[in-house]
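What follows is calculated from the coordinates using simple rules that are stated; it is not laboratory data. Since this is a predicted model, take the numbers as computed values, not measurements. Here the Cβ is made from the backbone with ideal geometry for all residues, glycine too, and neighbour counts use every protein chain on show.
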Amino acid sequence: MKGEETIDEIRRFDLRLIQPRDGYRFSLDPLLLCEFAGIKDGEKGVDLGTGCGVIPLVLARSAAGVQFVGVEHQQTMVGIAERNVRLNGLGEQVTILDEDVAHLRGHFPVSSFDLVTANPPYRRRGTGRISPRAGRDLARHESTAGLADFLAAAKYLVKPTGRICFISHPSRLAEFFTLATELKLALLRLRMVHGHGEAEARMFLAELAKGRKGELRVLPPLFVKDGEQLI
């Protein structure tokens, strides 16, 4: 694979990450999600569609005794995520599961996790520009599992006392609200992400919970001009 991969650093968390040179590469979005979700000592979490494993690895570095599972079904990325876990010496905290998000009930009991995170594909199947680079299309466009599958899996996996945190594209916000309502998930926090004060939102961050109610808090907008601030 020499020449086909890079090793990049996230210095803030003392992480080195193998990534495909020309395939899907993580952007600032998963790091924003980690900041938004947070993690407490001893919590158990699961990341749906983990890619190279960046979210479980960052959160495992963020608090003591954290246990995280990264779920990924794209074979190339499963292998890279497993290698990233070993590269960073986090094998006792982070596990990579090769499975489709829609087929997780056989792997975990209901209400197993304190935190469920997801940065799901933000384009519906058949929409948006198709990337010529292998792997990017699967990461950006829905394939076997859609937004409804991600939310249903999150509801099944999270504890009633836990939280579900997603980052997605504003074009999916109305659908996200509708699906959450149908699944009886309470929307607790919402934050829009902008490039600058005059720009339209480019992503949204949302926290959901099951089995409990709460008033929605719309947080101040987040302005992101330079991703290097977090990397």
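Remarks
- Across the stretch 187-203, computed HN-Hα scalar couplings (Karplus, 6.51 cos²θ - 1.76 cosθ + 1.60, θ = phi - 60°) run 8, 9, 9, 9, 9, 8, 10, 10, x, 7, x, 9, 8, 5, 4, 9, 8 Hz from first to last residue, x flagging Gly and Pro.
- Multiplying the residue separation of Glu4 and Leu173 by 0.36 nm and subtracting their alpha-carbon distance yields 57.3 nm.
- Karplus-based coupling profile of the stretch 64-72, in residue order and whole Hz: 7, x, 6, 10, 9, 10, x, 9, 8, with θ = phi - 60° in 6.51 cos²θ - 1.76 cosθ + 1.60 and x standing for Gly or Pro.
- Comparing Val218, Val71, Val46 in a Gaussian network model of the chain, where Cα atoms under 10 Å apart are tied by springs, the biggest mean-square fluctuation is seen for Val218.
- Each stretch of four or more DSSP H residues adds -39500 (n - 2.57); spread over every residue of the chain, this sum gives -7000 deg cm²/dmol at 222 nm.
- Under 5 Å, built H, 5+ apart or other chain: amide partners of Asp47: Val69, Gly70, Val71, Thr117
- Of the trypsin sites (Lys or Arg not before Pro) found in the stretch 1-60, those in coil by DSSP whose Cβ has at most 16 other Cβ atoms within 10 Å are Lys2, Arg21, Lys40.
- Overall, the chain carries a charge dipole of about 420 debye about its Cα centre when +1 sits on the Cβ of Lys and Arg and -1 on the Cβ of Asp and Glu, all other atoms neutral.
- Farthest positive-ward along the stretch 5-229 dipole, Cα basis, beta-carbon charges - from Gly106, Leu179, Met192: Leu179
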